[in-house]
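What follows is a single structure, written as structure tokens, with notes after it.
The values are calculated or read from the model by the stated rules, or taken from the named source; none is laboratory data. What you see is a predicted model, and the numbers here were worked out from it, not measured in a lab. No Cβ is skipped: glycine too gets one built from the backbone with ideal geometry, and neighbour counts run over all protein chains shown.
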Amino acid sequence: MAVLKTEELTYIYSQGTPFEKTAVDHVNLEINEGEMIGIIGHTGSGKSTLIQHFNGLLKPTSGKIFLDGQDIWADKNKIREVRFKVGLVFQYPEYQIFEETVYKDIAFGCKNMGLDDNEIKRSVTETAHDIGLPEELLDRSPFELSGGQKRRVAIAGVMAMNPRVLILDEPAAGLDPSGRDRIFDCIKSYHKKTKNTILIVSHSMEDIATFADRILVMNQAGIFCFDETEKVFSRAEEITQIGLDVPQITRVFLELKKRGIDFGKEVYTVDYARELILKHLRERQVL
């Protein structure tokens, strides 16, 4: 059974006014337990509006959202419980840091869940370790940390709640390459450890390609495609036509294909490209 499911999900901003805009239009999708999903789309495609429905921050204009088979709006008094099960990390989450110590900031969500002090301590220390924050930082003010460390503190605050579904909106936005790699390494390690479902929104196909089991491509408030990563990249030319960039290595192999050098595979990571090229060279040497 799908952990998250939508049926004809539609959301209209400023409905009934001259500023009315449909941000999500009759979206139907299913996300399975334990998947790593990449969500991509140009600005205004509806991806950020979509994810805010998954934990009840926005209520559909029409349609339904199901969590573990239950309509999350069937009883609006239970929407708080939904937000504990579906954790959402906004873009630039470090701007929402407010506690006086790193420990208290990471512990904030756990306290709201009603966990006891021992459970909170275990969760905070484990999560801090998992996301690469040394224990000695826990008693420091988060405002003394570097930008990348603040980002990790903010993400850890949601991870510590151990949500069934973790959603991150542009988690590496504004970070330098090393900071970006570290964030994604931490997310992948968290997924491997917890087996929880993770959704990551990004503008970058380059980032999404390295981890996603499936990719959801949004365009004009609807789903352009939602499929396994390799199958999505088989539509690279179509994706570029709707204004999205595919990874540079994919563009290189598309150009090679146009010139008669067809590797017969969709290439979207540098590591995979290297394997194909080395295999091709070895075969030529044998011939």
> Taking the range 92-140, which residues are polar (S, T, N, Q) and either in a helix (DSSP H, G or I) or outside the structural domain of Asp185 (by TED's automatic domain parsing) (or both)?
Replying inline: Gln96, Asn112, Asn118, Ser123, Thr125, Thr127
>> Could you tell me how many of the residues in the range 146-169 are over 17 Å from Glu81 (Cα atoms) and either without any contact (Cβ under 8 Å) to a residue 40 or more places away in the chain or part of a strand (DSSP E or B) (or both)?
In response: 6
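Kindly evaluate Gly56 against the criterion of being in contact with a helix residue (DSSP H, G or I) (Cβ under 6 Å, 6 or more places away or on another chain), more than 14 Å from Leu199 (Cβ to Cβ) and outside any strand (DSSP E or B).
Yes; evaluated as a whole, the condition is true for this residue.
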> Can you tell which of Asp105, Asp71 is at pLDDT 95 or above, touching an Asp or Glu at 6+ places or on another chain (Cβ under 7 Å) and either over 19 Å from Asn196 (Cα atoms) or aromatic (Phe, Trp, Tyr) (or both)?
Replying inline: Asp105
> Ile215 versus (1) in the same structural domain as Ser48 (by TED's automatic domain parsing); (2) without any contact (Cβ under 8 Å) to a residue 24 or more places away in the chain; (3) of a type in the set (A, V, I, L, M): which is the lone unmet condition?
Replying inline: (2)
> Taking into account only those residues within the range 185-201 that are in a helix (DSSP H, G or I) and among the hydroxyl-bearing types (Ser, Thr, Tyr), which is nearest to Phe66 (Cα to Cα)?
Replying inline: Thr194
>> What's the total number of residues in the range 218-265 that are over 26 Å from the mean Cα position of the chain (by Cα) and in the same structural domain as Gly46 (by TED's automatic domain parsing)?
In response: 0
>> So if I check each of Gly109, Gly69, which one is small (Gly, Ala, Ser), under 27 Å from Lys5 (Cα atoms) and in contact with a Gly (Cβ under 7 Å, 6 or more places away or on another chain)?
In response: Gly109
>> If I filter the range 171-184 down to residues being within 13 Å of the chain's Cα centre (by Cα) and part of a helix (DSSP H, G or I), which single residue comes out as farthest from Glu35 (Cα to Cα)?
In response: Ile183
> Considering only the range 126-156, how many residues are of a type outside the set (D, E, K, R) and buried (at least 18 other Cβ atoms within 10 Å of the Cβ)?
Replying inline: 14
> Quick one: which strands (runs of 3 or more DSSP E) sit completely within the range 1-40 and have at least 3 residues that are touching a residue at least 12 places away in the same chain (Cβ under 8 Å) and charged (D, E, K, R)?
Replying inline: 2-13
> Looking at the range 37-49, which of its residues are under 12 Å from the mean Cα position of the chain (by Cα) and surrounded by 22 or more Cβ atoms within 10 Å (Cβ to Cβ)?
Replying inline: Ile37, Gly38, Ile39, Ile40, Lys47
> When Gly132 is evaluated against the numbered criteria (1) under 17 Å from Thr194 (Cα atoms); (2) of a type outside the set (Asp, Glu); (3) at pLDDT 95 or above, which criterion, by number, is the only one it fails?
Replying inline: (3)
